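Everything below concerns the one structure shown next.
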Amino acid sequence: MERGRYVLTCFLDDLTDTSPASPAGRYEQLSLADFTLREAANLLIAHHGAWTGIGKWLPRRLLSADPVRGQALLDGHRAVAEHADPAPLAVATEQVLDVLGGPLREGYTQRWRA
């Protein structure tokens, strides 16, 4: 869960720091929106102890596990895709992170077994 919080925090930071003004920036923004949605959805679904999914099943499982936050994530993703506006996805992602214990940045380490 900690690794997921850290990864989601990184995606969120990058998403809010990427400008769609250039063609490359727009591609970065779209890519980050996808990664952010996927990570947030999987963490939120896991938090609720629900089954996860991939492809068409991810939004279905997300909405089933948490209809309010799930819809906010999906609507936020759509705002990035249709209007290059990351703000709704950022807000929804912050709400997911709050449920999971907040953003995780400095001090995170991952230990590897030898």
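The numbers here are math on the coordinates, done by the rules we state, and not lab data. Since the structure is predicted, the reported quantities are computational estimates derived from the model, not experimental observations. FYI the Cβ positions are ideal-geometry reconstructions off the backbone, even for glycines, and counts take in every protein chain you see.
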- Task: Only residues that are touching a helix residue (DSSP H, G or I) at 6+ places or on another chain (Cβ under 6 Å), surrounded by fewer than 19 Cβ atoms within 10 Å (Cβ to Cβ) and assigned to a helix (DSSP H, G or I): list them for region 8-19, please.
- Result: Asp14, Thr16
- If you go through region 28-36 one residue at a time, do you hit one that is without any contact (Cβ under 8 Å) to a residue 12 or more places away in the chain, within 13 Å of the chain's Cα centre (by Cα) and either under 14 Å from Thr93 (Cβ atoms) or part of a helix (DSSP H, G or I) (or both)? yes
- Count of region 37-58 residues which are without any contact (Cβ under 8 Å) to a residue 12 or more places away in the chain and under 12 Å from the mean Cα position of the chain (by Cα): 0
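A quick yes/no check of all residues on (1) surrounded by 14 or more Cβ atoms within 10 Å (Cβ to Cβ); (2) under 17 Å from Asp13 (Cβ atoms):
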position: Thr52; (1), (2): yes, no
position: Trp57; (1), (2): no, no
position: Ala72; (1), (2): yes, no
position: Ala92; (1), (2): yes, yes
- Item | Which numbered condition Ile54 misses (of (1) out of contact with any Gly (no Cβ under 6 Å at 6 or more places or on another chain); (2) in a helix (DSSP H, G or I)) | (2)
- Note on the structure: Screening Leu97, Leu104 for residues that are surrounded by 13 or more Cβ atoms within 10 Å (Cβ to Cβ), under 12 Å from the mean Cα position of the chain (by Cα) and in contact (Cβ under 8 Å) with a residue 40 or more places away in the chain leaves only Leu97
- Message: If Ala40 meets every condition in (1) part of a helix (DSSP H, G or I); (2) more than 15 Å from Val7 (Cβ to Cβ) apart from one, which number is that one?
- Response: (2)
